[in-house]
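Report on the structure given below.
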Amino acid sequence: MAPDSSQNTDRKVFVTVGTTNFDPLIKAVLRPSVVSLLQSQGYTTLRVQYGQAAELYQACYTADLESTLAKSSMLIGGYAYASGDEITQEIKTAELVICHAGSGTILECLRYQKRIVTIPNESLMDNHQVELANEMARQKYVIKGDLSDLIPAITQSLTFKYKHFPRQGSKIFSEVMEEELDQADKDKIVPAYHSRRRKDYDEWIENKNWCGCRIV
Amino acid sequence: MIKLILVAGLTVLVLLIFISLRIFLILPHRTHGIPQTSILQSSRIVEITTPSKSHALFILGSGGHTTELFAMIQDLSPDILTHRTYVFSSGDKHSAQKARSFEESLVGSFTKRSNARVGYRLVELPRARRVKQSWLTTPFSCLVCLWKCLDVLRGGDIAGMTKEMSKLWVGMEFPDLVICNGPGTAVMVVLACYIYKFFGKCTTRIIYVESFARVESLSLSGKLLLPLANRFLVQWPQLAERYPGAEHLGFLVS
């Protein structure tokens, strides 16, 4: 996916922690080594949705990071939360998304076929982010990153062959619903047919635009 | 005295047998691996055309569940599913808003003019258990929730609609389908459904879809609803292997 320099000069990395707290991810991304790797890969913008970690986000601007940033024109911006539509917009315009392994965020990224590096948030109670991240990574829909060192995952993301997420889910579900609707109608006939009041049955047929029984 | 106890005991026994037989009769009997529709392909069976009206009830949960549900039904044809009811937990404005915008997005896709007039119902349900609620008061709030569920299922709110709307909804009170994907409220709605089924009031079929986030094990509501749902769909093959009765048809959330 070579960037078209004439049109697409803005190459964005989007980092999101969703509505949860995930401070280690912010820390891991804003390391000077990680930021300079992103710079060397040609990204021009880094956007961070940091949730409640505003102080931490400020604290990450160390002298090291400042000097790394001074070397090139990479822009870093951050904000606490955004509405669903705004997040969608961010994901749409980004090239690489580094995110927690929440199912909503991952699905959104897959919908727009983005390069995804996902890091499960293991501190959440009764959460299955690890399972989901492992399985998605095993099937090559995403790359699973390691909090202690994001560099291998980000390096890999440039050349990784991401598998396309199947898009026909909603069609399958519509078919299931139609099957069940048919079944529900068949269930309705039986009690009506056996009903002592034959009238009910006749009424049912009339009201339901029933085309009549046909022996197959 | 002994006679009396004996008679009472027998009566209770007969009642119990009757009740358990009735429950057995209304519980879904899934044929594993064979699609439901194939039952009807044997000889001397009637062929049915889809009726012109049908009613589905969607249970909206908190953020993630609602997003997944609307992703699943984005291909829904309003001509097939003419009447739609959405229930959401009290205070969940976000889900209610999503339902409204989904209905607005449907507007262009009606091909039968009559369906556009049916509209949809959006009903608020009290929560069965609020976050951090004491376990002592939980049974009461569950009962309140169940009572409201019973009311919604029999179309209690239809009387309060405008004349035009209620005219279109009369006769369509009980849903043909209940579709849920995980929130706790779903258990109460399904329970209410079974109460009506017990008395032969409705033939509602229940479709449960486990969340995409569940890879290795079912959620609590999933475990509770596994024997009660007519179709139990999971999105990861591991789950279908682990829990008999669960069906894997691929990812549904795209």
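You will find that of B:Val131, B:Val118, B:Val123, the residue that is crowded, with 16+ Cβ neighbours inside 10 Å and closer than 28 Å to B:Arg214 by Cα is B:Val123 and no other. Among the numbered criteria (1) in contact (Cβ under 8 Å) with a residue 40 or more places away in the chain; (2) buried (at least 21 other Cβ atoms within 10 Å of the Cβ), which one does B:Thr66 miss? So the condition that B:Thr66 fails would be (1).
B:Ser89: of a type outside the set (Val, Ile, Thr), more than 14 Å from every other protein chain (Cβ to nearest Cβ) and in contact (Cβ under 8 Å) with a residue 40 or more places away in the chain, yes or no? Here the answer is yes, as B:Ser89 does meet what is asked. Close Cβ contacts (under 8 Å, 6 or more residues apart or on different chains) running from residues in the range A:143-156 that are loosely packed, with under 14 Cβ neighbours inside 10 Å to residues that are in a loop (DSSP other than H, G, I, E, B) are absent. Scan the range B:74-86 for residues that are more than 10 Å from chain A (Cβ to nearest Cβ) and more than 12 Å from B:Val118 (Cα to Cα) and the total you get is 1. Since B:Arg205 meets every condition but one in (1) over 16 Å from B:Arg30 (Cβ atoms); (2) surrounded by 21 or more Cβ atoms within 10 Å (Cβ to Cβ), which condition does it not meet? Tallying (1) over 16 Å from B:Arg30 (Cβ atoms); (2) surrounded by 21 or more Cβ atoms within 10 Å (Cβ to Cβ), B:Arg205 fails exactly one: (1). Scan the range B:92-130 for residues that are free of Cβ contacts under 8 Å to residues at least 60 places away in the same chain and under 13 Å from B:Gly61 (Cβ atoms) and report the count. The total comes to 7. Determine, yes or no, whether B:Ser134 is among the small types (Gly, Ala, Ser) and either outside any helix (DSSP H, G or I) or closer than 23 Å to A:Gln168 by Cβ (or both). In short, yes. Just give me the residues in the range A:70-80 being in contact with a strand residue (DSSP E or B) (Cβ under 7 Å, 6 or more places away or on another chain) and either more than 30 Å from B:Lys93 (Cβ to Cβ) or surrounded by 14 or more Cβ atoms within 10 Å (Cβ to Cβ) (or both), in sequence order. If the condition is that a residue be in contact with a strand residue (DSSP E or B) (Cβ under 7 Å, 6 or more places away or on another chain) and either more than 30 Å from B:Lys93 (Cβ to Cβ) or surrounded by 14 or more Cβ atoms within 10 Å (Cβ to Cβ) (or both), then A:Met74, A:Leu75, A:Ile76, A:Gly78, A:Tyr79 are the ones that fit. When the range A:40-71 is filtered for residues that are of a type in the set (Lys, Arg) and at pLDDT 85 or above, only A:Arg47 remains.
Out of curiosity, is A:Ile172 crowded, with 19+ Cβ neighbours inside 10 Å and either touching a residue at least 12 places away in the same chain (Cβ under 8 Å) or over 17 Å from the mean Cα position of the chain (by Cα) (or both)?
no
Would a scan of the range A:24-39 turn up a residue that is among the hydrophobic types (A, V, I, L, M, F, W, C), at pLDDT 85 or above and part of a loop (DSSP other than H, G, I, E, B)? Yes. Go through (1) closer than 17 Å to B:Cys180 by Cα; (2) at pLDDT below 90; (3) within 14 Å of chain A (Cβ to nearest Cβ) one by one and return the number of the condition B:Ala128 breaks. Of (1) closer than 17 Å to B:Cys180 by Cα; (2) at pLDDT below 90; (3) within 14 Å of chain A (Cβ to nearest Cβ), only one is false for B:Ala128: (3).
Restricting the search to helices (runs of 4 or more DSSP H) fully inside the range A:82-196 and requiring at least 2 residues that are within 19 Å of A:Tyr50 (Cβ to Cβ) and modelled with pLDDT of 90 or more gives A:84-93, A:103-111. Consider B:Phe174 carefully, then state whether it is at the interface with chain A (Cβ under 9 Å from one of its Cβ atoms) and touching a Ser or Thr at 6+ places or on another chain (Cβ under 7 Å). When the stated conditions are applied, B:Phe174 does not pass them. Does B:Leu69 fit the bill of being within 23 Å of A:Ser170 (Cβ to Cβ) and in contact with a helix residue (DSSP H, G or I) (Cβ under 7 Å, 6 or more places away or on another chain)? Answer is no for this residue. If you filter the range B:212-232 down to residues that are crowded, with 21+ Cβ neighbours inside 10 Å and more than 7 Å from chain A (Cβ to nearest Cβ), you find that the one that is modelled with the lowest pLDDT is B:Ser221. Number of residues in the range A:23-34 that are within 23 Å of the chain's Cα centre (by Cα) and farther than 12 Å from A:Ile98 by Cβ: the value is 3. Does the range B:100-114 include one or more residues that are surrounded by 19 or more Cβ atoms within 10 Å (Cβ to Cβ) and either within 27 Å of B:Phe199 (Cα to Cα) or among the polar types (S, T, N, Q) (or both)? There is no residue in the range B:100-114 that is surrounded by 19 or more Cβ atoms within 10 Å (Cβ to Cβ) and either within 27 Å of B:Phe199 (Cα to Cα) or among the polar types (S, T, N, Q) (or both).
The values are calculated or read from the model by the stated rules, or taken from the named source; none is laboratory data. Every value quoted in this text rests on a predicted model; they were computed, and no experiment measured them. FYI the Cβ positions are ideal-geometry reconstructions off the backbone, even for glycines, and counts take in every protein chain you see.
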